[in-house]
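Visitor: After the structure tokens below, expect a handful of questions from me.
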There are 2 protein chains.
Amino acid sequence: MGNLSPFLDNGQYTVIYNMLSLGIASMLFTALFLFMARDRVLPRYRMAVMVSATVTSIAAYHYFRMFDDFKHAFGTDGMGVVAYNVGYRYVDWFLTVPLLMLETVAVLALARSVQKSMMYKLVPAAALMIALGYPGDARLDIMGISPSVWGALSTIPFLYILYVLFVELGKSLERQSAAVREKIRLLRLLLLATWGVYPISFIMNMNATGFDPASFVARETGYTIADILAKCLFGLMIFTIARIKSAEDSPEHAKAEYGS
Amino acid sequence: MGNLSPFLDNGQYTVIYNMLSLGIASMLFTALFLFMARDRVLPRYRMAVMVSATVTSIAAYHYFRMFDDFKHAFGTDGMGVVAYNVGYRYVDWFLTVPLLMLETVAVLALARSVQKSMMYKLVPAAALMIALGYPGDARLDIMGISPSVWGALSTIPFLYILYVLFVELGKSLERQSAAVREKIRLLRLLLLATWGVYPISFIMNMNATGFDPASFVARETGYTIADILAKCLFGLMIFTIARIKSAEDSPEHAKAEYGS
């Protein structure tokens with residue numbers, strides 16, 4: 001076996017290659033499962049499940065692109081002419097992170113005015129957070145602003161989102177059952193834990209001067225694991241909450257789905 | 001006809017090529033059938049059928065990748081630069097083996113507390129078994145640990161899974177009908193027989209020094225046949241159990257599906 005890549009050693013190349021393929025498989029088949037599984041919940045919760053399926057579908061598309069892009073940029077046929085495009089990740093997040101906010105709010109089936117007000121806060125903040133992160137991670141030279149400044153700017157909407165989810169949304173949870181509140185608590189913790197990976201990966205890459213293979217591998221692995229947890233596991237938890245709430249709302253549904 | 005491959009003779013190349021294509025066809029169309037067929041069972045058994053369809057879908061994706069990868073690594077255009085990536089099989093198993101545990105438990109429609117406790121034992125054990133096998137089969141050099149040690153470590157969760165399925169799950173089967181118990185017995189025997197192929201293939205490859213075409217062919221053929229039985233046949237048996245249990249649970253369903 002010769003060298004798989006002119007820029008990475010065979011172990012590094014194989015790790016990223018397999019992580020990106022794991023990303024494709026996780027996203028694609030979570031999406032397929034959730035689209036199929038939407039009938040397993042009451043109609044009022046299907047929108048949340050379908051948005052979860054859409055999020056993982058969008059991510060599957062971008063992982064296909066990143067996989068091909070990685071092979072082309074780092075494999076033996078790329079010859080170093082092509083640069084690996086971090087834009088795929090940011091276009092993906094720009095579309096999916098606002099939708100993740102939407103599915104979180106939608107699954108609660110809150111009063112429509114409360115739901116609307118939550119959306120108006122969370123969706124634009126999520127889009128802004130991603131838009132401000134991109135110039136830093138892609139090292140675009142916009143008026144000489146350094147990556148760390150973009151990182152700091154992006155943190156402002158991030159903190160606002162946490163405030164809305166943990167403080168404002170918290171108030172709306174009082175009317176939910178204990179089982180649902182418990183799942184929502186886990187959902188927010190998962191969000192906090194996985195979203196924490198992105199700034200860490202961002203900062204690790206920010207401090208590298210030139211191209212550093214080890215921090216590149218760490219960044220791509222970190223982003224991929226965080227993505228799988230924040231989209232696939234998150235979407236499946238949304239589905240579980242929708243299942244619990246469907247059974248709570250309708251004894252007939254519970255009997256058909258669980259036999260008791 | 002010239003040489004199909006610089007590394008394998010024409011017979012060896014053709015065997016693997018056709019086995020991988022058989023893998024694609026088996027996985028893809030079992031998945032399609034099961035997704036379509038989920039309405040043929042009562043709602044409470046559809047989750048098990050949908051998980052079976054998801055498992056074969058994930059495997060179909062990986063067989064497409066392996067087929068292309070094999071042609072590229074061993075065909076005349078690869079020129080020995082590209083290595084055949086055993087990672088695809090392990091990423092596939094890492095996702096599908098825990099899901100196979102899930103479908104086995106889900107189809108029984110056990111009491112929810114029993115189901116939950118079974119999942120918490122079987123799913124992490126299955127993931128751990130695969131994660132421990134990979135470094136041995138891929139011959140990764142991690143702290144100089146030899147492939148046989150990884151194989152032995154991976155056997156511990158394997159034996160634990162067998163214990164849970166044959167001893168603990170056995171207790172939950174008493175309340176099932178004779179027809180269902182008979183099918184579950186067959187299901188577990190199929191699992192034991194097919195899962196037995198993986199360690200044999202692993203060991204055959206472990207003892208080969210350098211690249212040995214004959215053990216490579218034996219390994220790929222063994223893995224593929226075991227995969228088809230453990231996922232397609234297994235999934236179709238899950239579907240059959242769901243059909244039997246649906247008819248047992250509901251005379252209306254039995255009449256609609258079988259006319260009597």
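Visitor: Quick one: is B:Phe7 among the hydrophobic types (A, V, I, L, M, F, W, C) and either in contact with a strand residue (DSSP E or B) (Cβ under 8 Å, 6 or more places away or on another chain) or in a helix (DSSP H, G or I) (or both)?
Guide: Numbers: among the hydrophobic types (A, V, I, L, M, F, W, C): yes; either in contact with a strand residue (DSSP E or B) (Cβ under 8 Å, 6 or more places away or on another chain) or in a helix (DSSP H, G or I) (or both): no.
Criteria not met by B:Phe7.
Visitor: Next up: Determine which member of the set A:Glu257, A:Glu182 is of a type in the set (D, E, K, R), farther than 29 Å from A:Leu28 by Cβ and within 14 Å of chain B (Cβ to nearest Cβ).
Guide: Only one candidate qualifies: A:Glu182.
Visitor: Inside the stretch B:160-170, can you point out the residues that are exposed (fewer than 14 other Cβ atoms within 10 Å of the Cβ) and either among the aliphatic types (A, V, I, L, M) or touching a Phe, Trp or Tyr at 6+ places or on another chain (Cβ under 9 Å) (or both)?
Guide: B:Val167, the sole residue that qualifies.
One line per residue, one yes/no per condition, for (1) touching a residue at least 24 places away in the same chain (Cβ under 8 Å); (2) in contact with a Cys (Cβ under 8 Å, 6 or more places away or on another chain); (3) surrounded by 15 or more Cβ atoms within 10 Å (Cβ to Cβ):
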{"site": "A:Phe202", "(1), (2), (3)": "yes, no, yes"}
{"site": "A:Asn205", "(1), (2), (3)": "yes, no, yes"}
{"site": "A:Ser215", "(1), (2), (3)": "no, no, yes"}
{"site": "A:Glu220", "(1), (2), (3)": "yes, no, yes"}
{"site": "A:Thr224", "(1), (2), (3)": "yes, no, yes"}
{"site": "A:Phe239", "(1), (2), (3)": "yes, no, yes"}
{"site": "A:Ala247", "(1), (2), (3)": "no, no, yes"}
{"site": "A:Pro251", "(1), (2), (3)": "no, no, no"}
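Visitor: All but one of (1) buried (at least 18 other Cβ atoms within 10 Å of the Cβ); (2) outside any helix (DSSP H, G or I) hold for A:Pro157; which doesn't?
Guide: Status for A:Pro157: all satisfied but (2).
Visitor: Related question: Suppose we filter the stretch A:28-68 for residues that are among the charged types (D, E, K, R) and closer than 27 Å to A:Tyr90 by Cα; how many remain?
Guide: Result for the stretch A:28-68: 2.
Visitor: I would also like to ask the following. Looking at B:Ala230, is it of a type in the set (Gly, Ala, Ser) and over 12 Å from B:Val41 (Cβ atoms)? Don't jump to the end; show me each part of the working.
Guide: Values: of a type in the set (Gly, Ala, Ser): yes; over 12 Å from B:Val41 (Cβ atoms): yes.
For B:Ala230, the condition - of a type in the set (Gly, Ala, Ser) and over 12 Å from B:Val41 (Cβ atoms) - is met.
Visitor: So, in the stretch B:13-44, exactly how many residues are within 29 Å of A:Leu22 (Cα to Cα), more than 9 Å from chain A (Cβ to nearest Cβ) and either surrounded by fewer than 21 Cβ atoms within 10 Å (Cβ to Cβ) or not small (Gly, Ala, Ser) (or both)?
Guide: The qualifying residues number 21.
Visitor: What are the residues in the stretch A:194-229 that are within 20 Å of A:Asp92 (Cα to Cα) and acidic (Asp, Glu), if any?
Guide: Answer for the stretch A:194-229, where residues must be within 20 Å of A:Asp92 (Cα to Cα) and acidic (Asp, Glu): A:Glu220, A:Asp227.
Visitor: Could you say whether any residue in the stretch B:53-70 is over 17 Å from the mean Cα position of the chain (by Cα) and either within 12 Å of chain A (Cβ to nearest Cβ) or free of Cβ contacts under 8 Å to residues at least 24 places away in the same chain (or both)?
Guide: Filtering the stretch B:53-70 down to residues over 17 Å from the mean Cα position of the chain (by Cα) leaves B:67-70.
Adding the requirement that they be either within 12 Å of chain A (Cβ to nearest Cβ) or free of Cβ contacts under 8 Å to residues at least 24 places away in the same chain (or both) leaves B:68-69.
Within the stretch B:53-70 (the criterion being over 17 Å from the mean Cα position of the chain (by Cα) and either within 12 Å of chain A (Cβ to nearest Cβ) or free of Cβ contacts under 8 Å to residues at least 24 places away in the same chain (or both)), the answer is yes, since at least one residue qualifies.
Each row is one residue, and each column tells you yes or no for (1) under 22 Å from the mean Cα position of the chain (by Cα); (2) within 26 Å of A:Lys116 (Cβ to Cβ).
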| site | (1), (2) |
| --- | --- |
| A:Ser146 | no, no |
| A:Leu159 | yes, yes |
| A:Glu174 | no, yes |
| A:Ser177 | no, yes |
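Visitor: Then there is this: Out of everything in the stretch B:172-200 that is of a type in the set (Gly, Ala, Ser) and touching a Leu at 6+ places or on another chain (Cβ under 9 Å), what residue ends up being surrounded by the most Cβ atoms within 10 Å (Cβ to Cβ)?
Guide: B:Ser172
Visitor: Just for the stretch B:100-113: of the residues that are among the aliphatic types (A, V, I, L, M) and surrounded by 20 or more Cβ atoms within 10 Å (Cβ to Cβ), which one is nearest to the other protein chains (Cβ to nearest Cβ)? Spell out the reasoning first.
Guide: Our first condition is that a residue be among the aliphatic types (A, V, I, L, M); within the stretch B:100-113, this holds for B:100-102, B:105-111.
Right, trim to surrounded by 20 or more Cβ atoms within 10 Å (Cβ to Cβ) and you get B:100-102, B:105-109.
Details: B:Leu100: 14, B:Met101: 16, B:Leu102: 11, B:Val105: 14, B:Ala106: 11, B:Val107: 12, B:Leu108: 11, B:Ala109: 6 Å.
Looking at residues that are among the aliphatic types (A, V, I, L, M) and surrounded by 20 or more Cβ atoms within 10 Å (Cβ to Cβ), I get B:Ala109.
Visitor: Could you list all residues from the stretch B:114-126 that are charged (D, E, K, R), within 12 Å of another protein chain (Cβ to nearest Cβ) and touching a helix residue (DSSP H, G or I) at 6+ places or on another chain (Cβ under 8 Å)?
Guide: Across the stretch B:114-126, there are no qualifying residues.
Visitor: Residues being within 9 Å of chain B (Cβ to nearest Cβ) and either in contact (Cβ under 8 Å) with a residue 12 or more places away in the chain or under 11 Å from A:Phe70 (Cβ atoms) (or both): count how many of those fall in the stretch A:3-12. Working first, answer last.
Guide: Of all residues in the stretch A:3-12, those within 9 Å of chain B (Cβ to nearest Cβ) come to A:3-4, A:10-11.
Retained after the next criterion (residues that are either in contact (Cβ under 8 Å) with a residue 12 or more places away in the chain or under 11 Å from A:Phe70 (Cβ atoms) (or both)): A:3-4.
The total comes to 2.
Visitor: Of the residues that make up the stretch B:88-96, is at least one closer than 19 Å to B:Phe202 by Cβ, more than 9 Å from every other protein chain (Cβ to nearest Cβ) and without any contact (Cβ under 8 Å) to a residue 60 or more places away in the chain?
Guide: yes
Visitor: Residue by residue through the stretch B:205-237, note down the ones that are more than 21 Å from B:His62 (Cβ to Cβ) and not in a loop (DSSP other than H, G, I, E, B).
Guide: B:Met206, B:Pro213, B:Ala214, B:Ser215, B:Met237, listed by residue number.
Visitor: Please find, among B:Ala126, B:Ala59, B:Ala131, B:Ala53, the residue that is among the aliphatic types (A, V, I, L, M) and surrounded by fewer than 22 Cβ atoms within 10 Å (Cβ to Cβ).
Guide: None of the others qualify; the one that does is B:Ala131.
FYI, it's all coordinate maths here, none of it is from the lab. On a predicted model such as this, the values are computed, not experimentally measured, just so you know. Glycine gets a Cβ as well: all are built from the backbone with ideal geometry, and neighbour counts include every protein chain shown.
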